[in-house]
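Shown next, in structure tokens, is the structure this report addresses.
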């Protein structure tokens, strides 16, 4: 099992729109494709209150590659993304890290 931590630095004021797009569009598609989110977090105290962090669980890098590609190419997602960004992107910067457990017995 591997984990992916993703960080979205949203365009100022656009975080609510990003969350809505996840709820209404990305998550239903992910469910169909077998993409497993572990949680979503916003910043309560810290540098950027316009950021979104979320974590995904994958069986392997190959699993991630296949499912993420299927999501990116899904016409429903492409349409939702295009329609949600008439004035430009909602996310200014995306960072991600692939993580592996460092200590035994500390993950599910």
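The values are calculated or read from the model by the stated rules, or taken from the named source; none is laboratory data. What you see is a predicted model; the values in this text were computed from it and never measured. Cβ sites come from the backbone with ideal geometry, for glycine too, and all protein chains shown count toward neighbours.
Points worth noting:
- Residue 4 being surrounded by 15 or more Cβ atoms within 10 Å (Cβ to Cβ) and within 24 Å of residue 102 (Cβ to Cβ): yes
- Residue check for residue 71: out of contact with any helix residue (DSSP H, G or I) (no Cβ under 7 Å at 6 or more places or on another chain), surrounded by 14 or more Cβ atoms within 10 Å (Cβ to Cβ) and either within 27 Å of residue 105 (Cα to Cα) or modelled with pLDDT of 95 or more (or both): no
- Of all residue pairs spaced 6 or more apart or on separate chains, those with beta-carbon atoms under 6 Å, a first member in region 57-70 that is touching a residue at least 40 places away in the same chain (Cβ under 8 Å) and a second member that is assigned to a helix (DSSP H, G or I) and surrounded by 15 or more Cβ atoms within 10 Å (Cβ to Cβ) are 58/64.
- Yes/no for residue 62 being within 19 Å of residue 100 (Cα to Cα), assigned to a helix (DSSP H, G or I) and at pLDDT 95 or above: yes
- Total residues in region 33-50 satisfying the condition of being within 25 Å of residue 11 (Cα to Cα) and in contact (Cβ under 8 Å) with a residue 40 or more places away in the chain: the figure is 1.
- Scanning region 22-32 turns up no residue that is assigned to a loop (DSSP other than H, G, I, E, B), without any contact (Cβ under 8 Å) to a residue 12 or more places away in the chain and farther than 20 Å from residue 2 by Cα.
- Scanning region 33-59 for residues being over 11 Å from the mean Cα position of the chain (by Cα), under 20 Å from residue 99 (Cβ atoms) and not in a strand (DSSP E or B) gives a total of 4.
- Residue in region 85-97 that is in a loop (DSSP other than H, G, I, E, B), surrounded by 12 or more Cβ atoms within 10 Å (Cβ to Cβ) and within 12 Å of the chain's Cα centre (by Cα) present: no
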